[in-house]
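Working notes, structure below.
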2 protein chains.
Amino acid sequence: MSRRITIHDVAQAAGVSVATVSKAINGRDGVAPTTLEHVREIVARLGYESSLVATSMRRRRTDVIGVLVAEFEPFAVQLLQGVSSALQGTRFDVLAYAGSVSAGEHLGWERRSLSRLGGTLIDGAILVTPTTMPTDASVPLVAIDPSASTGSDGPATVSVHNAEGAFAVTEHLISLGHRRIAHLRGRTDLDSARQRERGYRRALERAGIPVDPALVVDGNYRTASTTAGAHALLDLAAPPTAVFAANDLSAIEMIRVARERGLRVPDELSVAGFDDVPEAAAHVPQLTTVRQPLAAMGAEAVRLLLAMLDGAPYEHVRMPAELIVRSSTAAPPR
Amino acid sequence: MSRRITIHDVAQAAGVSVATVSKAINGRDGVAPTTLEHVREIVARLGYESSLVATSMRRRRTDVIGVLVAEFEPFAVQLLQGVSSALQGTRFDVLAYAGSVSAGEHLGWERRSLSRLGGTLIDGAILVTPTTMPTDASVPLVAIDPSASTGSDGPATVSVHNAEGAFAVTEHLISLGHRRIAHLRGRTDLDSARQRERGYRRALERAGIPVDPALVVDGNYRTASTTAGAHALLDLAAPPTAVFAANDLSAIEMIRVARERGLRVPDELSVAGFDDVPEAAAHVPQLTTVRQPLAAMGAEAVRLLLAMLDGAPYEHVRMPAELIVRSSTAAPPR
DNA sequence: CTGAAAGCGCTAACAT
DNA sequence: ATGTTAGCGCTTTCAG
């Protein structure tokens, strides 16, 4: 663990000024071929690399795209992989920052991260957040899965078509012959969760099945709440034969509770989720769910952002959701 | 997309000097309570956040841990998740940097990233690399899965016990009754791959089964090479009844080739992998493999790094590998 | 063709 | 208690 090698060290070793070294490194002209060669040699020998921090303070561009997340959980990292691979071969590096790890203050990490990195370290940002929607940032910004799908305002956004996905999975349950289909809700403060409920309701209406309010319970994406909701559903005098949970984790918890109570899945109860997290395919039985094309969404965010860096206006993109039928859903008993 | 708000803007709006604002923000003393209150108010109103870049140039500590990867692929991001969750509740934020995305020069990205971020932006680094082992860096460093397991030299390291894992999976195949067990090798320039081959050989020896050189072919972790290796194995006069591939992706390719040639897996050919990537559990049939405890390894790297930041010496940690028996392995035919 | 000097946003001495 | 100054590592005018 030695001291960092700075441009000064190079200048000294080469017997020239730091300005000359800088020019040599960055290919600016006004440097004699001999000097250029000489400096390059010293740089190689010393293994010098300019500090991203110092460079970014002085220069306008850093050629680094920032991916801002609350923390590195499966959803965020899958998006990150999409962003990363879409950026392959461009001049940009990727820097991902988890801004609410330390604080624990999950409130407003978006603005905080954006302020701390924007304007200097990164040329543009991709913000992974289901809630807040910062209205102005100091760099071009694309939000993924933001709450505000409200028309043309705010920054560019990329999100999945939640309602369509929920519609498709509910329709799948109906086509299997289910009539008493419950919905284990997500966080009702999230636009995405509300859209999923909407898709569920629409599918039932479309099939002429009245929505039984008792069959719609809160899950809140939180274990305790989901557990309670699952029990509530099964405690019903006329329990559902199928449940559409607002996300996979809720679906898995629903299955756990059903089994605990002696129900076989999918024979006695069908359960479907949403998201297609890695656990969904690894679960036994494998989970029927709706896939968010996360890698594609990340790539799309990159496309939008690069366009914006070239001066293009922001857009709002909705990506199609895909129904994935696996083994946690089947025809209702008898 | 507006201009960044700087400490100057705050100072001006508050009618005080920049230094005073800095003190107020960082809780240094020597600021009148009234002034403090006033400045804080302006900061809140303007939504000011100090620039990470500028702060890090001046200060010694940034309270940010860097995770340096070549690119964000599944292996790296699982490690990243482990690091991130281990850092929850500490004062540190996580910054992950993919340093070889732009260049395409996968050579020496480790040193480059380390030089560019170290010393200023990050207080310590966790380097995810299977190959190079930078000998000195400007910040405390922990390498995950490095080639050099060579004793006490170089930086701290965390790696999985590759030989033990390979031994276990080979022994599993033997216990199923297999005698002609092939090995589809990984990149022979990687220490980890060589260790896996060693574990394979040792298990055979231990069981008194001579190693048939024809049953050890190169896969190289690259599709083309793996495909060729798979065919070579099945072209043998006496083909193997089981194959241990050096990683899951190779195993999956092995299965694809076997099927293409009309072989049923696992009935006519057992195949096992290594790594337990997400695809392994999702594959049909689910893959028997060896799990690297990636999340735990990330957490362990954090533990080492935090200790080093407190002045502890570096260590070398080997984590246990876990045999995961699934459905791609079975007793040999008849 | 080269170097001196200014300045990016911020913090830490050091005055006042 | 507050402000002035210097400087972190680098790039960029601007003189020489």
Check the stretch B:11-33 and report whether any residue there is within 12 Å of chain A (Cβ to nearest Cβ) and out of contact with any strand residue (DSSP E or B) (no Cβ under 9 Å at 6 or more places or on another chain). no
I'd like to check something: does the stretch B:179-202 contain any residue that is at pLDDT 95 or above, more than 27 Å from residue B:318 (Cβ to Cβ) and outside any helix (DSSP H, G or I)? yes
Unmet criterion (only one of (1) in contact with an Asp or Glu (Cβ under 9 Å, 6 or more places away or on another chain); (2) away from DNA strand D (no atom under 14 Å from the Cβ); (3) not in a loop (DSSP other than H, G, I, E, B)) for residue B:80: (1)
Within the stretch A:162-189, restricting to residues that are among the β-branched types (Val, Ile, Thr) and surrounded by fewer than 24 Cβ atoms within 10 Å (Cβ to Cβ), the one that is nearest to the chain's Cα centre (by Cα) is A:188
Going by the conditions given, is residue A:300 in the same structural domain as residue A:124 (by the TED database) and among the acidic types (Asp, Glu)? yes
Could you go through the stretch B:100-116 and let me know if any residue there is modelled with pLDDT under 90 and among the aromatic types (Phe, Trp, Tyr). yes
Of the residues that make up the stretch A:38-48, is at least one in contact with a Lys or Arg (Cβ under 6 Å, 6 or more places away or on another chain), farther than 18 Å from residue B:119 by Cα and within 12 Å of DNA strand D (Cβ to nearest atom)? no
Of the residues in the stretch A:40-59, those that are among the small types (Gly, Ala, Ser), within 7 Å of another protein chain (Cβ to nearest Cβ) and part of a helix (DSSP H, G or I) come to A:54, A:56
Under 7 Å by Cβ, and 6 or more places apart or on different chains, what pairs join a residue from the stretch B:275-301 that is away from chain A (no Cβ under 12 Å) with one that is in a strand (DSSP E or B) and among the polar types (S, T, N, Q)? B:275/B:289
Kindly establish whether residue B:92 is over 28 Å from residue A:138 (Cα atoms) and either within 12 Å of chain A (Cβ to nearest Cβ) or within 16 Å of DNA strand D (Cβ to nearest atom) (or both). no
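Yes/no per residue for (1) small (Gly, Ala, Ser); (2) crowded, with 18+ Cβ neighbours inside 10 Å; (3) touching a Leu at 6+ places or on another chain (Cβ under 9 Å); (4) in contact (Cβ under 8 Å) with a residue 12 or more places away in the chain:
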| residue | (1), (2), (3), (4) |
| --- | --- |
| A:6 | no, no, no, yes |
| A:18 | no, no, no, no |
| A:21 | no, yes, no, yes |
| A:26 | no, no, no, no |
| A:29 | no, no, no, no |
| A:52 | no, yes, yes, yes |
| A:65 | no, yes, yes, yes |
| A:77 | no, yes, yes, no |
| A:90 | no, no, yes, yes |
From the options B:62, B:90, residue that is in a loop (DSSP other than H, G, I, E, B), within 29 Å of residue A:79 (Cα to Cα) and away from DNA strand C (no atom under 11 Å from the Cβ): B:90
Just one of A:32, A:54, A:24, A:44 is more than 9 Å from DNA strand C (Cβ to nearest atom) and of a type in the set (Gly, Ala, Ser); which is it? A:44
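The values are calculated or read from the model by the stated rules, or taken from the named source; none is laboratory data. Computed from a predicted model, the values in this text were never measured in an experiment. With ideal geometry, Cβ positions are generated from the backbone for all residues, glycine too; neighbour counts draw on all protein chains shown.
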